[in-house]
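Trainee: One structure coming up, written as structure tokens, with questions to follow.
Just so it is clear, none of the values below were taken in a lab; they were calculated from the coordinates. These figures come from a predicted structure and were not determined experimentally. Virtual Cβ from ideal backbone geometry, glycine too; neighbours counted across all protein chains shown.
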């Protein structure tokens, strides 16, 4: 037991435990999320081209696509209306909380554990809502809320040399994490926590897994849906 404690303590000190997948990346999409995926596909059915259903999640150069719902600095919480294929305001963040500290959107053709598209945070200056951008994965923000696992991939636009224009520095993690840890404080019955940050590999893995959920789990509404790692 003493040896095991030493091993766990050492893992915590080096960040190994924080990077392990199982607590933060379940293999199964919950039944309620699979049902919401099916409902979203029905809602999008009338559109020949839909920004969530039809755009690619990744590109040949390994960049990840992100549809921007909320520009950096915006206090209005825009979300994609699946039926309208356009953004709509869900709520307004209180002035005391402030605007979003990062561009916020989702990766197309994905579904996360709450049944919504997999969230993406895009570093850099404000990007107009309704824009789709190509980004390089620079990390993962672990997050949980009243619905469960709600982590978000962090992206940076690429420069002319193909390298990220922005890094997920310690100060950026602190600034972004502090906002998301409190931005639901005024919502009755809601909460959010940011227990840590993940690697580029973990962020990439979750893009792939949530895309696999999109492809596989739409055929199983109301069931727990497993995909291979």
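Trainee: Given the C-alpha centroids of segment 203-224 and segment 69-131, what is the distance between them in whole angstrom?
Mentor: Cα centroid of segment 203-224 versus Cα centroid of segment 69-131: 21 Å apart.
Trainee: Among 219-225, 139-145, 122-128, what's the highest-first ranking by average C-beta atoms within 10 angstrom per residue?
Mentor: Result, highest mean first: 139-145, 122-128, 219-225.
Trainee: Let me ask something else. Would you please put 164-176, 107-119 in order of how densely packed they are, using the mean number of other Cβ atoms within 10 angstrom per residue and starting with the highest?
Mentor: Values: 164-176: 14.8, 107-119: 24.2.
Listed from highest to lowest mean packing, they are 107-119, 164-176.
Trainee: Is the C-alpha gyration tensor of segment 132-208 telling us rounded, prolate or oblate? Criteria: a/c under 1.5 is rounded; beyond that, a/b larger than b/c is prolate, otherwise oblate.
Mentor: Prolate is the answer for segment 132-208, as a/c is 1.5 or above and a/b outweighs b/c.
Trainee: From Cα pairs below 8 angstrom and at least 6 apart in sequence, can you work out the relative contact order of the chain, rounded to a whole percent?
Mentor: 24 percent
Trainee: Shifting gears a bit: What ranking do 155-163, 201-209 get when scored by the average of other Cβ atoms within 10 Å per residue, highest first?
Mentor: For the peptides 155-163, 201-209, the packing ranking is 201-209, 155-163.
Trainee: In the set (1) 17.6, 61; (2) 23.1, 82; (3) 17.3, 56, which value of Rg and Dmax of the Cα atoms in Å was calculated from the structure you see?
Mentor: Label of the calculated value: (1).
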